[in-house]
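A short write-up of the structure that comes next.
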Amino acid sequence: DGQIITIPVVVHVVYNTAQQNISDAQVLSQIEVLNEDFRRTNSDANNKWSQAADIQVEFKLATIDPNGNPTNGITRTSTSVTSWSSNDNIKRSSRGGKDPWNTSEYLNMWVGNLGGGLLGYAQFPGGNASTDGVVMGTQFFGSSDKGSGFFLSAPFDKGRTTTHEVGHFLNLRHIWGDGGCGVDDFVSDTPNSDSPTSGCPGNKTTCGSLDMVENYMDYSDDACMNLFTQGQKNRMRAVLESGGARRSL
Ligand code: ARG
Ligand code: ZN
Ligand code: CA
């Protein structure tokens, strides 16, 4: 096991309606979920899978902005754009979105109306610096377990979309490898699977073994998900430790 790694985060709230201009409390509820999930202090953690791991990564809203001024780590941008999809325009001020803060110093999170049933998307390590970070649909950012009056949409209202996207940001693939039984996620302690999971099936078996539907890198409902594995930890920490693509964070 290594040391705790703390990642500075900026959340860019990009809104077209008042409802999409979510409260600081809703943003904070998401940071809380991230910290619980990556430290395995989530209240729904259990002993079903012995390879479940504390990733020893923590997230902290930035306190200093790129100009050296104090900040709460949240930016707010009003836009005339009603829906973004995954074309990265939300990451560009010139397109009605919001330019990132230095992506080698901050994990940039954009929150806006994605439309089309898209919960979120992420950029893997090694991509273009100007678009680096994670994007979440407004009503999937934050947790209804940690406050009331939040703008959230069940069954994806427990903050696990952001946990999933940050998993991608730290180099994790989907648990089924985005293919059949012959396609891997490059993690040896996640059981082989041939398909994404929806809902929360108790005994989904594919490729001859029980699927880990509780893994954050599946597509199960938020309330179903509760772990990353030791193998996923090794993969994520490799990009954050010396020599890794995200060591500057
Ligand atoms: N579909 C999205 C992606 O592939 C996120 C899925 C998140 N699932 C959830 N239960 N919140 O990046
Ligand atoms: Zn994904
Ligand atoms: Ca695997």
Of all DSSP beta bridges in the chain, antiparallel share, percent nearest 5: 30 percent
Expected 222 nm ellipticity per residue - DSSP helices of 4 or more, -39500 (n - 2.57), all of the chain, to 500: -4500 deg cm²/dmol
Spatial separation of Cα centroids for segment 1-39 and segment 217-238, in angstrom: 18 Å
³J(HN,Hα), Karplus 6.51/-1.76/1.60, whole Hz, each residue of segment 120-126, x for Gly, Pro: x, 7, 9, 9, 6, x, x
Whichever lysines have a C-alpha closer than 20 Å to that of residue 146, once near sequence neighbours (fewer than 8 apart) are set aside: 60, 158
Which of 49, 94, 203, positive extreme of dipole for the chain (C-beta unit charges): 94
Computed label-point distance, nm, for sites residue 67 and residue 39 using a 7 Å Cα→Cβ extension: 3.3 nm
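Every number in this text was worked out from the coordinates using simple rules, so none of it is lab data. All values derive from a computational prediction rather than experimental measurement. Glycine gets a Cβ as well: all are built from the backbone with ideal geometry, and neighbour counts include every protein chain shown.
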